[in-house]
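*Asks:* Here's a structure for you.
A short reminder: the numbers here are calculations on the coordinates, not readings from a lab. As the structure is a prediction and not an experimental result, all values here were calculated from the model. Every residue, glycine among them, receives a Cβ derived from its backbone with ideal geometry; neighbour counts consider all protein chains shown.
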Amino acid sequence: MRNQDRLNLLDDAEHHRLRLELSGLPYRPLTPPQDHHIILRGMRFHYVEWGDHAGRPILFLHGGGQTCRTWDVVCHELSQEYRCIAVDQRGHGDSEWSYESDYRVEAYAADVAALVDALNLAPLVTVGMSLGGIAGLHYALDRPKALAGFVAVDVGPWVNVEASLPIREFMQEVAGLDQLEQFVDAALRLNPRRDARLLRHSLWHNLRTCPDGRLIWKTDLRRRGDRLAVVTAAFGPLRERIANLRCPTLVVRGADSRILGEEDARRFAQAIPNGRWIAIDGAGHSVQGDQPKALVEALRAFLAEIT
C-alpha cells in the first residue's frame, strides 16, 4: 500500500472507537484478535480468534469476496461471553487459493469440518453470511451432531441470484487499481450506507500490493463466473435436504436486501423443524456491516435461547 493510502487510514484504536460510535454500541477498549494459520486438507488457512477458550465456540464464515475481518465488530462484542473464531475461507483473505480452482460448496464445507475437528470446537454454533451461510448449511446437514445452532445471514437455498450481479460487477470492475481511495469510492457507490473512514480499514484487509504498486483483491477471481454456477447448483440438493436440519436455526434477513427476499426467508425458516427468521431494518445484504449492533442483539438473544 502506498504512503498516501496509509496516511488516510485511522490507527486501530481510532478506528475501533469510530465504528462503535457509528454502530451505537457502548465503548469498550479494543481487544485485538489473535491471528493464526493452520494447515487443513493440504491447504493453509488463516483465522482470527477473540475471547476465552472456555466460552462456547462460535465459528463465523464470511461472504464471497470478503474476509474474516468483516466480523470484527460482532466478534469483539460477543467475545465478552463466547469464544469467537472467524476464518478466511479458501481463495479469500490470507488463506490459500485452491490450486485446482475447487470452489464447490462441498469443498468449503469440508474445510469447515476440518477446522472444527482440528480445533476441537464441537458442539459449536456456526454463523455464515452469503457464501459462508451456504457452506455452513452444507456442513450442518453433513455433521448434525457437531452443531448446537446455526445462523444464516441473508442467504438460504432460495435466493434471487440475479440481485447479486452488482456485487459481482463491482469485484470485477475494481480488480486492480492504483489507489485505495478508488476502491473506497466504488464501494460507496455500491453501498452508500457505509462510512468511508471505516471502509478504508475493511478494504485494507482485503487488498494486496503488486510489485508495480497496483492494488488487487486477495480474493481468487479466476473463473468467477464458473464458480457462481457451481455454488448455485448446490441450492437444489440443499432444498431437498433442508428438512433434515435439526439444530436450532436462525435466518437473518437484511430488510433492504434484494438477494434474500421476505418470502424466501420465511420459506427457509419454515422448512426447518426448529427454524425462525428475523429482518433487520436498515440493513442490506451485508448485515454485519450495515447494522452490527442489531445483529449482535439478535445473536445474543438466539444464543441465550439455545443455551
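*Asks:* With a ≥ b ≥ c taken as the square roots of the eigenvalues of the C-alpha gyration tensor of region 1-103, please select rounded if a/c is under 1.5 and otherwise prolate if a/b is larger than b/c or oblate if it is not?
*Replies:* Because a/c hits 1.5 or more and a/b fails to exceed b/c, region 1-103 counts as oblate.
*Asks:* So, in Å, what gap is there between the alpha-carbon centers of region 140-206 and region 208-235?
*Replies:* Here the answer is 12 Å between Cα centres.
*Asks:* Find the relative contact order for region 207-307 and round it to a whole percent, using C-alpha pairs within less than 8 Å whose residues are 6+ positions apart.
*Replies:* Normalised by residue count, the contact order of region 207-307 is 21 percent.
*Asks:* So, one more: Got a sec to turn the phi values of region 64-72 into Karplus ³J(HN,Hα) couplings, 6.51 cos²θ - 1.76 cosθ + 1.60 with θ = phi - 60°, whole Hz, x for Gly and Pro?
*Replies:* Working through the residues one at a time gives x, x, 9, 9, 4, 6, 5, 9, 3 Hz.
*Asks:* Over region 1-153, what is the relative contact order in percent, taking alpha-carbon pairs closer than 8 angstrom and at least six residues apart?
*Replies:* Computed value for region 1-153: 21 percent relative contact order.
*Asks:* Listed highest first by mean packing, meaning other Cβ atoms within 10 Å per residue, what order do 60-67, 239-246, 293-300, 210-217 come in?
*Replies:* 60-67, 293-300, 239-246, 210-217
*Asks:* Further question on the same structure: So what is the relative contact order of region 3-306, in percent, for Cα pairs below 8 Å that sit 6 or more residues apart?
*Replies:* RCO, region 3-306: 18 percent.
*Asks:* From the residues V287, A269, M129, which one has its Cα farthest along the dipole of the chain in the positive direction, the dipole being from +1 and -1 charges on Cβ of Lys/Arg and Asp/Glu about the Cα centre?
*Replies:* The one lying farthest along the dipole's positive direction is A269.
*Asks:* In addition: Suppose R0 equals 41 Å; then what is the FRET efficiency for R239 and D11 from their Cβ-Cβ distance, rounded to the nearest 0.05?
*Replies:* After rounding, the FRET efficiency stands at 0.30.
*Asks:* Between Q270 and R197, what FRET efficiency comes out of the Förster formula 1/(1 + (r/R0)^6) with R0 = 30 Å and r the beta carbon distance, rounded to 0.05?
*Replies:* Calculated transfer efficiency: 0.15.
*Asks:* Once Lys and Arg get +1 and Asp and Glu get -1 on their Cβ, which of I216, L115, A233 lies farthest toward the positive end of the dipole of region 113-251?
*Replies:* Among I216, L115, A233, the one farthest towards the positive end of the dipole of region 113-251 is L115.
*Asks:* While we're looking at this one, here's another question. Taking H as built 1.01 Å from N, whose amide H comes closer than 5 Å to the amide H of A279, not counting residues under 5 places away?
*Replies:* For A279, the qualifying residues are R253.
*Asks:* Still on this structure, please answer the following. With a ≥ b ≥ c the root eigenvalues of the C-alpha gyration tensor of region 141-239, is it rounded (a/c under 1.5), prolate (a/b larger than b/c) or oblate?
*Replies:* Working: a/c = 2.02, a/b = 1.83, b/c = 1.10.
It comes out prolate by the Cα gyration axes.
*Asks:* If you place +1 on the Cβ of every Lys and Arg and -1 on the Cβ of every Asp and Glu, how big does the dipole about the Cα centre of the chain come out, in debye to the nearest 20?
*Replies:* Dipole magnitude for the chain comes out near 420 debye.
*Asks:* In Å, what is the Rg of the alpha-carbon atoms in the chain, and how long is Dmax?
*Replies:* Expressed in Å, the Cα Rg and Dmax of the chain come to 18.1, 54.
*Asks:* Using helices alone, I'd like the mean residue ellipticity at 222 nm for the chain: each DSSP H run of four-plus residues gives -39500 (n - 2.57), total over residue count, nearest 500.
*Replies:* Rounded to the nearest 500, it is -11500 deg cm²/dmol.
*Asks:* Still on this structure, I have one more. Quick check: from the Cα gyration tensor, does region 226-307 come out rounded (a/c under 1.5), prolate or oblate?
*Replies:* Oblate, since a/c reaches 1.5 and b/c is not below a/b.
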